[in-house]
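Visitor: Encoded as structure tokens, here's the structure I'll be asking about.
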Amino acid sequence: MSLNLEQYVSEFSAQNVNGEHLLQLDGSKLKALGMTSSQDRAIIKRKLKEMKVSLEKARKAQEKMEKQREKLRKKEQEQLQRRSKKTDKCSSDATEGTNEQ
């Protein structure tokens, strides 16, 4: 509707075309859905291409963010392990010092 192609809404709805399905449509499938105007098909295909590019960018950004989070988790875990080792070493040094006295 935002593309001024509301005349196709009823057919798309009747065929249960949802967002995921829409992304899979090509020119011949659009034509089969009753989109006889090549200009209308071109508008839809251009918009679908833009949407796919946006989705891919979002997916890559999400992956990058997940990698950064994983890296941060590993770093925090390493710091905790180092602290734990220091604490254990200090405890064992203190115990040895008490035993020597």
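Visitor: Can you tell me the FRET efficiency between ILE43 and ASN16 if r is taken as the Cβ-Cβ distance and R0 is 30 Å, rounded to the nearest 0.05?
Guide: So, using R0 = 30 Å, E works out to roughly 0.85.
Visitor: Once you have the Kirkwood Rh of the chain from its Cα pairs, apply Stokes-Einstein at 25 °C and 0.890 mPa s and quote D in µm²/s. It would help to have the intermediate numbers written out before the result.
Guide: On the way: Rh = 18.7 Å.
Rounded to a whole number, D works out at 131 µm²/s.
Visitor: Report the FRET efficiency, 1/(1 + (r/R0)^6), for LYS31 and LYS57, where r is their Cβ-Cβ distance and R0 is 30 Å, rounded to 0.05. Let's see the in-between values first.
Guide: Values: r = 29 Å, r/R0 = 0.97.
E(calc), rounded to 0.05, equals 0.55.
Visitor: Something else now. Under the rule of -39500 (n - 2.57) per DSSP H run of 4 or more residues, summed and divided by the residues of the chain, what mean residue ellipticity at 222 nm is obtained, to the nearest 500 deg cm²/dmol?
Guide: Computed mean residue ellipticity for the chain: -27500 deg cm²/dmol.
Visitor: For GLN7 and GLU50, FRET efficiency with R0 = 25 Å and r from the beta-carbon atoms, rounded to 0.05?
Guide: 0.70
Just so you know, all these numbers are worked out from the coordinates, no wet-lab data involved. Note that the coordinates shown come from a computational prediction; the quantities given were computed from them, not determined experimentally. Methodologically, a virtual Cβ is constructed for each residue, glycine included, from the backbone with ideal geometry; neighbour enumeration extends over all protein chains shown.
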